[in-house]
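The values are calculated or read from the model by the stated rules, or taken from the named source; none is laboratory data. Model, not experiment: these values are computed from the prediction. When we count neighbours, we look across all protein chains shown, and the Cβ atoms used for this are built from the backbone with ideal geometry, even at glycine. Side chains are part of the model used for accessible areas, which takes the heavy atoms of the whole protein and leaves out ligands, DNA and RNA. Shrake-Rupley method; radii C 1.70, N 1.55, O 1.52, S 1.80 Å.
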Amino acid sequence: MMEDNMKDTLLSNIKFAYNEALEFIVSMGMIACEEQLLKAAEDYKLEMDPQALSYHKDARARLSPHSYRELQFFFQYNFFHKALDFAFYESICTCPEPQTAEAWINRLEKSPAEKVVAEMVYGVYYDKLDELLEGNDWEIVKKDTRLMAELVARTKPQLDVIEAQGPLLECLAYPEETKLRYMQLLNQFYKDVFSLWKEELRRESEQASQRYEGLFLANPERFIRDFNKNEPAVYDVPTTFHVSFFSQVGNHVLFFYAGSSRIAWVIFGIFNDHVFGPAADREKTELFLKAFSDKRRLDFLLLLRNRPHYGQEIASALGITPAAVTYHANFLFFLDLIELKRTDHRLYYHLRMDKLRELLAVTTKVMLDEEPPIF
């Protein structure tokens, strides 16, 4: 009965739709953070899609040096953490329906500069917000640009986005000028780059979306666990899955309020089924050994061997940032070594001992060219 209830909840709350505005912003982040993403692809033993690489090359060729510097200013700090660019995601994802890129840009033009800059502050400091606020209420602080600037000047961000502090202070000092800059950048990037590719990108994403929606409708819980790598109970609010060509591989869940209603958007990689589907034994072995080549991933698993932990616990125990926890978790999700389960309104990482034993057995088979012993 509970399984039927969960299935009904997922079918009621989740839909698939292409959000051009979201893909537009994801593509800008991909260009600005290209080196980070190529490194991540290398870690996962993935090759970037030739079409995505062509887009990168075309964008770099078409953008003026000034436009590229502005792109770096607003987007370069950490693709997985978000920083100044969080303000753009907030503006898009607080609208429950998909938008074209042009419609969203026009909507953003009407948003006060101070509000957008406040969301930039939140993007940089969301995982250090208590330290930033020094006991103040965020709902009050975010309306006071001068106070935000004083607090930002006194508080170092997480190491992942430490380089965003200076540019953020510049935005706080000159919010109206900041608005002129980001509006010019968005309009220029849309005109010179994205508009030339948008129909092709829509076609690729919508074709994949139909495939994933079919998998979801066939077995909602299995889809969420196997391809979205999440706990089905998370989706207790209206949620839209945007299948992203530029995200390639990954699951990024964004919760926001649309008025008084809580909603969610999921940026779902177009090639998730390649990564989270069956893998060859040799490839599994290579990735399994690579997982333990990084001490932090080994420590991550050893923590979970004792008991499940939530993200901030892992970050504190290992001395890494929450964004780094997510990065390493994605690698372990890739190998199916961990899973997320919700307990008392928190998401806990659990070690999958059965999968660990399975991967140890496969590694024995590949390395020793023999079947592992049966205990």
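If the condition is being of a type in the set (Asp, Glu), assigned to a helix (DSSP H, G or I) and surrounded by fewer than 13 Cβ atoms within 10 Å (Cβ to Cβ), then segment 128-149 contributes 130, 139.
Step by step: first the residues of segment 63-82, then only those that are modelled with pLDDT of 95 or more, under 23 Å from residue 145 (Cβ atoms) and not acidic (Asp, Glu), then the one that is most open to solvent (accessible area, probe 1.4 Å). Which residue is that? Top of the filtered list is 73. Against the conditions (1) surrounded by 14 or more Cβ atoms within 10 Å (Cβ to Cβ); (2) over 20 Å from residue 82 (Cβ atoms), residue 8 satisfies every one except (1).
In the set (1) modelled with pLDDT of 85 or more; (2) aliphatic (A, V, I, L, M); (3) under 30 Å from residue 23 (Cβ atoms), the condition left unmet by residue 303 is number (3). Take the residues of segment 240-256 that are buried (at least 20 other Cβ atoms within 10 Å of the Cβ) and β-branched (Val, Ile, Thr): which is farthest from the chain's Cα centre (by Cα)? Per the stated criteria, the residue is 240. Within segment 257-266, the residues that satisfy the criterion of being surrounded by 17 or more Cβ atoms within 10 Å (Cβ to Cβ) and either closer than 17 Å to residue 209 by Cβ or at pLDDT below 95 (or both) are 264, 265, 266.
Checking each residue in segment 298-313 for being over 20 Å from residue 234 (Cα atoms) and in contact (Cβ under 8 Å) with a residue 24 or more places away in the chain picks out 300, 301, 304, 305.
State all residues of segment 215-239 that are open to solvent by 20 Å² or more (accessible area, probe 1.4 Å), among the aliphatic types (A, V, I, L, M) and either in contact with a Lys or Arg (Cβ under 6 Å, 6 or more places away or on another chain) or under 24 Å from residue 119 (Cα atoms) (or both); if no residue qualifies, say none. Scanning segment 215-239 gives a single hit, 233.
Cβ separations smaller than 8 Å between residues 6+ apart or across chains give the following pairs from segment 164-183 residues that are modelled with pLDDT of 95 or more to residues that are among the hydrophobic types (A, V, I, L, M, F, W, C) and open to solvent by 40 Å² or more (accessible area, probe 1.4 Å): 169/153.
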